[in-house]
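Student: My questions will all concern the structure given below.
The values are calculated or read from the model by the stated rules, or taken from the named source; none is laboratory data. What you see is a predicted model, and the numbers here were worked out from it, not measured in a lab. Counting neighbours? That spans all protein chains shown, and the Cβs are built from the backbone with ideal geometry, glycine included. All accessible areas refer to the heavy atoms of the entire protein, side chains included, with ligands and DNA or RNA removed. Shrake-Rupley method; radii C 1.70, N 1.55, O 1.52, S 1.80 Å.
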Amino acid sequence: MANTVIDVMSLYPKDMNIYGDWGNVLTVVRRLELYGYEPHLCTYNQGDDWPAHVDMILGGGGQDNGQQRIVDDLFLRADALRDLAADGTPMLTICGLYQLFGEYFETIEGTRLDGIGIFGVYTQGHDVRMIGNLVEHCERFGDIVGYENHSGQTFLREGVQPLGIVEHDGTGNNGKDHTEGAQVGNVIGTYMHGSLLPKNPAISDFLIRTAAERRYGQFEPRQSDAQRATLAHIDATTRQARQVAMQRPR
Ligand code: GLN
């Protein structure tokens, strides 16, 4: 099968995978198949060999102790990740890995975990958790629907672009400045679990399209009629699910 393989990496799924984040991996794999691509999924956990080729990286959230478990290994892979990010590899990092893709995360107990600095953001543990359903407004992907649950308050350095804007106090990156997430090039960081991607196909398709274009020069779905119909059905159901999710109480 020529020009159809897409190498997807799930980063630290053993420790960084809560509130449905694995659903992001399932969604990307399924949509790739329905577009006629051949997803090759690699799960990378600490101590594993780094694969020869990666087209897309998906990383989830985790508790503070999960972050502590992976951080040393993350630094072993920091250069590879920074190079891939600088080179335009599409990546999605949720919550705990979003924090560790920033400059640092200082827990509420005062333990400082350095991050790998792909995002110009830093995170301070806080005694009030930000928990609840959330809709954010995003120019790049339209409204994003998800669920946040974190104690870390993340602040963006000057000039760093948030992923979206939240309307309500007490939500988003830090509860204060109405930003949520961050984006640099093709790397997205966000607090949105839920899972995020099943409810936000615009982000899935951005990751897929970008991965295909970088690897093969273009995004060229080769779908059967059945695959096209299945995707249309999923997208119609997703539009309804988004409407329901947007009405949910926080
Ligand atoms: N431990 C981090 C926090 O609570 C990350 C939580 C998460 O990934 N959901 O801020």
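Student: Could you tell me how many of the residues in segment 97-112 are surrounded by fewer than 19 Cβ atoms within 10 Å (Cβ to Cβ) and within 13 Å of the ligand (Cβ to nearest atom)?
Tutor: Selection size over segment 97-112: 6.
Student: How many of the residues making up segment 127-136 are among the aliphatic types (A, V, I, L, M), near the ligand (Cβ under 10 Å from one of its atoms) and surrounded by fewer than 16 Cβ atoms within 10 Å (Cβ to Cβ)?
Tutor: The total comes to 1.
Student: Right, here's the next one. Confirm whether residue 235 is modelled with pLDDT under 95 and either surrounded by 22 or more Cβ atoms within 10 Å (Cβ to Cβ) or over 15 Å from residue 95 (Cβ atoms) (or both).
Tutor: Judged against the criteria, residue 235 is not a match.
Student: What is the residue count in segment 87-96 for residues that are within 21 Å of residue 55 (Cα to Cα) and within 13 Å of the ligand (Cβ to nearest atom)?
Tutor: The number of residues fulfilling the criteria is 2.
Student: Among the residues in segment 188-200, are any at pLDDT 95 or above, open to solvent by 20 Å² or more (accessible area, probe 1.4 Å) and more than 16 Å from residue 20 (Cβ to Cβ)?
Tutor: Within segment 188-200 (the criterion being at pLDDT 95 or above, open to solvent by 20 Å² or more (accessible area, probe 1.4 Å) and more than 16 Å from residue 20 (Cβ to Cβ)), the answer is no, since none of the residues qualifies.
Student: Please indicate, with yes or no, whether at least one residue in segment 56-65 is polar (S, T, N, Q), in contact with a helix residue (DSSP H, G or I) (Cβ under 8 Å, 6 or more places away or on another chain) and crowded, with 19+ Cβ neighbours inside 10 Å.
Tutor: no
Student: Across segment 137-182, what is the total count of residues that are in a strand (DSSP E or B), within 16 Å of the ligand (Cβ to nearest atom) and open to solvent by less than 10 Å² (accessible area, probe 1.4 Å)?
Tutor: Matching residues across segment 137-182 total 6.
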